[in-house]
1. Tally up the residues in the stretch 92-112 that are exposed (fewer than 14 other Cβ atoms within 10 Å of the Cβ) and in a helix (DSSP H, G or I), please.
2. Determine whether the stretch 106-117 contains at least one residue that is more than 20 Å from Leu154 (Cα to Cα), modelled with pLDDT under 95, assigned by TED's automatic domain parsing to the domain that holds Leu154 and not aromatic (Phe, Trp, Tyr).
3. Under 7 Å between Cβ atoms, at least 6 apart or on separate chains: pull out the pairs that start in the stretch 140-156 with a residue that is assigned by TED's automatic domain parsing to the domain that holds Glu87 and crowded, with 17+ Cβ neighbours inside 10 Å and end on any residue that is assigned to a helix (DSSP H, G or I) and charged (D, E, K, R).
4. Only one residue in Val89, Val48 is touching a residue at least 12 places away in the same chain (Cβ under 8 Å), under 14 Å from Leu156 (Cβ atoms) and surrounded by 16 or more Cβ atoms within 10 Å (Cβ to Cβ), so which one is that?
5. Within the stretch 169-179, is there a residue that is touching a helix residue (DSSP H, G or I) at 6+ places or on another chain (Cβ under 9 Å) and either assigned to a helix (DSSP H, G or I) or not small (Gly, Ala, Ser) (or both)?
Amino acid sequence: MKPINKYLTAAALATGMFAMGTSALMAEKISLRIGAGHPVGPTVYVNVVDSYFVPEVKRRVAEETDHTIQFVEAYGGTIAGVAETLEAVQSGLLDIGAYCFCFEPAKLFLHNFPYYAPFGPQDSLEEVKIIRKVYDRVPALSAVFEDDYGQKLLGLSLWDNYHLGTKVTWDSIEDAERHESRRRRAQSALA
C-alpha cells in the first residue's frame, strides 16, 4: 500500500471513530455518509474515494475490529454540490466530504496555492509531495478545518493541472508570445 493511502485510511478511521464519540465505539455496525459534489467517473479524487478509500476502510474495520462499517455514498451532488461539501460536513449532512478547495475561494483561499503557481509539476506524485510539505510546514493550514469548520483534514488529493491546447507547436513562453503576436497582426489585417 502506498504510504499516503495508508495514512489517509488510518486518519479517516480514527477521525470517524472520534467524531462519533464513545457510544458509537460500542456499536456493532457503524454508518457514515460520505459524499462529493462531483460524480464518480470523470473526477479523479471522487474515484479514489469510491474505489480505494471506502473499500479500504471497510476492509480494515472488518479485519482490525469487532465492528462493521457501512458507507452511504452520495456523489455527484446528491447531498451537496461542489461548492457545498465543506458546509455539508460542518452541518452534519455528511460525515466525510471530498472536495476541491478551489470551490471554496472565500473560506479556503490559502489552500488554493497550487492553482496560483503557474506551470507546476506535471508529475502528480511530485506535486502532492510538495503540497504535503507546505501543509507540514504551515500547521495553520490544517488547523483552519478544526478551528473554523469543526472538521479534520484527512488527506490531500490532486486536481488535474491545467494544460494549454494550441494549434501550433511551441516550447517556451517566448514562442507562444510570437505566435500570439502573429495571430493578432493577422486579425488586424483582416479587420
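The values are calculated or read from the model by the stated rules, or taken from the named source; none is laboratory data. This structure is a prediction, so every number in the text was calculated from the model and none was measured. FYI the Cβ positions are ideal-geometry reconstructions off the backbone, even for glycines, and counts take in every protein chain you see.
1. Counting residues in the stretch 92-112 that are exposed (fewer than 14 other Cβ atoms within 10 Å of the Cβ) and in a helix (DSSP H, G or I) gives 2.
2. The first filter runs over the stretch 106-117 and keeps only residues more than 20 Å from Leu154 (Cα to Cα), leaving 106, 115-117.
Then drop every residue that is not modelled with pLDDT under 95, which leaves 106, 115-117.
With assigned by TED's automatic domain parsing to the domain that holds Leu154 added as a condition, the list becomes 106, 115-117.
Remaining after also requiring not aromatic (Phe, Trp, Tyr): 106, 117.
Yes: one or more hits.
3. Lys152/Glu146; Leu156/Arg132
4. Values: Val89 fails: under 14 Å from Leu156 (Cβ atoms).
Going through Val89, Val48 in turn, the sole match is Val48.
5. First, the residues of the stretch 169-179 that are touching a helix residue (DSSP H, G or I) at 6+ places or on another chain (Cβ under 9 Å): 169-170.
After this cut, where a residue has to be either assigned to a helix (DSSP H, G or I) or not small (Gly, Ala, Ser) (or both) as well, the list is 169-170.
Within the stretch 169-179, one or more residues are touching a helix residue (DSSP H, G or I) at 6+ places or on another chain (Cβ under 9 Å) and either assigned to a helix (DSSP H, G or I) or not small (Gly, Ala, Ser) (or both).
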